[in-house]
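Bear in mind these aren't lab numbers, they're just calculated from the coordinates by the rules spelled out. Predicted model, so just to flag it, every value in this text is computed and none were measured. Positions of Cβ are backbone-derived with ideal geometry, glycine not excepted, and every protein chain shown enters the neighbour counts.
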Amino acid sequence: MKKSFLLFIVFTNLIFNLNTLAQHQAFNFNQVDTVINNAIKEHAFPGAQILIWQHGNTLYDRPFGNFTYDSESPKVTNKTIYDLASVTKVIATTTAAMICYDRKLFSLDDPVVKYIPEFGVNGKENITIKNLLLHNTGLPAWKKFYETCKNKEEVLKEIYSSGLEYPTGEKTVYSDLGIITLGKIIEKVTGKSLDEFCKDEIFIPLKMNSTFFNPPDSLKQYCAPTEVDNYWRNKILQGEVHDETSAMLNGVAGHAGLFSTATDIAKLMAVLINKGMLDGKTFIKQSTIELFTKRYSDQSSRALGWDTKSETGSSSGDYFSSNSYGHTGFTGTSVWVDPQRNLFVIFLTNRVYPTRDNSKISKVRPELHNAVIKSIEQSNEK
């Protein structure tokens, strides 16, 4: 009896696996392949990772191209590690903020000066954590701190003493300075550095084993190189953060500095789209995810930390649902989530190699997402 029961289990599992495989094979993503292969030919970027996930299944997980435009350079694999640039803001900092919010370590309406008293100068006394997340503080978008500061302490001092470029809440200007400040608040309320808190509370629990600030030397060879820096560091950047301000902050900052793979990012996105559940337990409250990922007002496309799909010109293309949320990174990275379709797409490249002056990816991003939706809808029609 035991033997026949075991055979039944084996047979059932085999049928399940075959059905799952058949389900995945029903999707034809040739359009996606064409978009990316053409982009590489046109030197929009030398290589890429793309992962498409829907309804609990990874439908597509494919690497393209090489580390550089030299055909002899390493081929991109599913284990290639990318500098996420501003996608750090959502994968690390915003997720950490959600966890802090769940644990009541701060309120969104708390003023920044409650945690960083020296911030409360030059009209910034009433800026709240919510303002930081919504990018409507009035702070400058960014500054070339590497030209004026010598170290981390000088960068933070300049941010905290900064004046406002417009009255807080009057409009939205995407600001690295605000999210850097949020990262420091997270450090204050948790008693840990941002990288340690993210490691302990996000990356280890989700088994995101290839995700970190400051990749160890042993893994730098697996990192896609970013820019040939001929203006400050005078070397090819590989496994070293591309963003200059993050580099000044020792590679750990709220706005940039995280390295990861598409496979790792998918582990977090699956939790967010699964209403915050991980292995039957609440990782982040569903209400918190909904609060942080919905458009906050009609004045801007911003959610809390995340961005949402704008009516025109979105990098998510034309067909993602109106309640979609996502984020892009300067190095050529992005993640977009369509809750209505129970779908997300992770797109990682090193488009800044060899130079940031290459902006061809701005055309590729919407084309890719359009191809994804068309492919899924056409497959579902069959």
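Rounded if a/c is under 1.5, else prolate if a/b is larger than b/c, else oblate: which is the stretch 95-200, with a ≥ b ≥ c the root eigenvalues of its Cα gyration tensor? It is oblate, given that a/c is not under 1.5 and a/b is not larger than b/c. By the count of neighbouring beta-carbon atoms within 10 Å, fewest first, Arg103, Arg365, Arg351 end up ordered Arg103, Arg365, Arg351.
Per-residue Cβ neighbour counts within 10 Å put Glu170, Glu311, Glu227 in the sequence Glu311, Glu170, Glu227, beginning with the fewest.
The lysines within cross-link reach of Lys150, meaning a Cα-to-Cα straight distance under 29 Å and a gap of 8 or more places when in the same chain, are Lys89, Lys114, Lys124, Lys184, Lys188, Lys192, Lys199, Lys220, Lys235. For the stretch 168-238, averaging the sequence separation of C-alpha pairs within contact (under 8 Å, six or more residues apart) and dividing by the residue count gives a relative contact order of 15 percent. Which angle between 0 and 90 degrees, to the nearest 10, do you get for helix 262-273 versus the longest principal axis of the chain when only C-alpha atoms count? Taking the Cα atoms of the chain, the angle to 262-273 is about 80 degrees.
What percent does the relative contact order of the chain come to when contacts are Cα pairs within less than 8 Å and at least six residues apart?
Computed value for the chain: 24 percent relative contact order.
Neighbour counts of other Cβ atoms within 10 Å put Leu105, Leu268, Leu348 in the fewest-to-most order Leu105, Leu268, Leu348. The share of alpha-carbon pairs in the chain lying farther apart than 41 Å comes to 13%. Listed values for the stretch 77-88 are Karplus-derived 3J(HN,Hα) couplings in whole Hz (6.51 cos²θ - 1.76 cosθ + 1.60, θ = phi - 60°), namely 10, 5, 9, 5, 9, 10, 6, 7, 6, 6, 5, 3, and x replaces Gly and Pro.
The calculated 222 nm mean residue ellipticity attributable to helices in the chain amounts to -10000 deg cm²/dmol, summing -39500 (n - 2.57) over DSSP H runs of n ≥ 4 and dividing by all residues.
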